[in-house]
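Note sheet for the following structure.
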Amino acid sequence: MTTPDVVVCPGGPLLLRGDHVVEDADGVHHATRRPVSALCRCLHSASLPWCDGTHALLPADKRPDAGRVR
């Protein structure tokens with residue numbers, strides 16, 4: 001079984017495995033340089049497009065996937 005390139009962490013970031021190019025909101029391209037890179041989904045990170053863990057400080061109803069029916 002192979003490891004997926006993209007993994008969605010419930011309530012947290014999007015993990016990218018391997019080499020990818022990410023385009024930020026300003027159209028700037030960022031190459032991933034680590035075996036696993038975390039992309040922010042809460043949009044509150046101080047280092048967008050990368051996750052800095054801020055989602056963990058947000059109230060549960062403000063985190064990515066809040067209100068999603070499971």
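The values are calculated or read from the model by the stated rules, or taken from the named source; none is laboratory data. Computed from a prediction, not measured in an experiment: that's the story for all the values here. Because the Cβ atoms are built from the backbone with ideal geometry, glycine has one as well, and the counts that use them run over all protein chains shown. Please note that ligands, DNA and RNA were not included when accessible areas were found on the heavy atoms of the full protein model with its side chains. Shrake-Rupley method; radii C 1.70, N 1.55, O 1.52, S 1.80 Å.
Can you pull out every residue in the stretch 50-70 that is touching a residue at least 24 places away in the same chain (Cβ under 8 Å) and either charged (D, E, K, R) or out of contact with any strand residue (DSSP E or B) (no Cβ under 6 Å at 6 or more places or on another chain) (or both)?
Matches in the stretch 50-70: His55, Ala56, Ala60, Arg63, Pro64, Asp65, Ala66.
Go through the stretch 24-49 residue by residue and tally those that are closer than 17 Å to Asp5 by Cα and either touching a residue at least 40 places away in the same chain (Cβ under 8 Å) or open to solvent by 70 Å² or more (accessible area, probe 1.4 Å) (or both).
Residues meeting the conditions: 4.
Which one of Gly67, Gly18 is in contact with a helix residue (DSSP H, G or I) (Cβ under 9 Å, 6 or more places away or on another chain) and on the phi > 0 side of the Ramachandran plot?
Answer to the check: Gly67.
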